[in-house]
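A short reminder: the numbers here are calculations on the coordinates, not readings from a lab. A quick note: this is a predicted structure, and the numbers were derived from the prediction, not measured. A quick note on method: Cβ atoms are made from the backbone with ideal geometry, for glycine too, and the neighbour counts reach across all protein chains shown.
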């Protein structure tokens, strides 16, 4: 099976690439969605997070306060590494199971959209790795709209991310999303043709 790994910094447009691959008939596994499904209590993932970060990241009803956790990890590289260490193996096991089910169902291509694809080491399990990059100011505006943050907090998130050079060094292909959807779609179509993947027109 061909496994396409999709990664890149927050706000760059990874989900847009995923949408376009899905429109071409390629199933897309969203690692964030897998992670969020694992946060429905009771959950071994929640238990692991409680051991790592304590009770302050939980609401009184026992649900994870994602905003509280985000505020901790986006400003502290060590805490971010602890978060990844705590949840990545659990998330990746779920993703591998989904890929195996798709292979048994006859799928020959699958894409995995994962912000920490490279850091987790899952890039080594991918046939091809594609990073989506975008200018920082465009990313800041997207994050402000998506997460309802002010400019300073959105900029802090962007600055806490890996630099573009990191993604370029660890990717087989890079797509730059400059904000024009049609131009980005053309770039995606060109890359799919170059990869010679069996896709729907």
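Brief remarks follow.
- Matching option when the condition is farther than 21 Å from residue 38 by Cα and loosely packed, with under 15 Cβ neighbours inside 10 Å, among 81, 151: 151
- Taking the criterion of being in contact (Cβ under 8 Å) with a residue 60 or more places away in the chain, part of a loop (DSSP other than H, G, I, E, B), out of contact with any helix residue (DSSP H, G or I) (no Cβ under 8 Å at 6 or more places or on another chain) and within 25 Å of residue 12 (Cα to Cα), the residues of the range 90-129 that qualify are 126, 127.
- Here residue 166 meets the list (1) under 11 Å from residue 9 (Cβ atoms); (2) surrounded by fewer than 14 Cβ atoms within 10 Å (Cβ to Cβ) almost entirely, failing just condition (2).
- As a summary of the residue check, residue 193 satisfies the conditions (1) assigned to a helix (DSSP H, G or I); (2) touching a strand residue (DSSP E or B) at 6+ places or on another chain (Cβ under 8 Å) except for the one numbered (2).
- Cβ-Cβ under 6 Å pairs, at least 6 apart or on other chains, the range 66-81 side on the phi < 0 side of the Ramachandran plot and in contact (Cβ under 8 Å) with a residue 60 or more places away in the chain, far side surrounded by 12 or more Cβ atoms within 10 Å (Cβ to Cβ) and part of a helix (DSSP H, G or I): 74/157; 80/73
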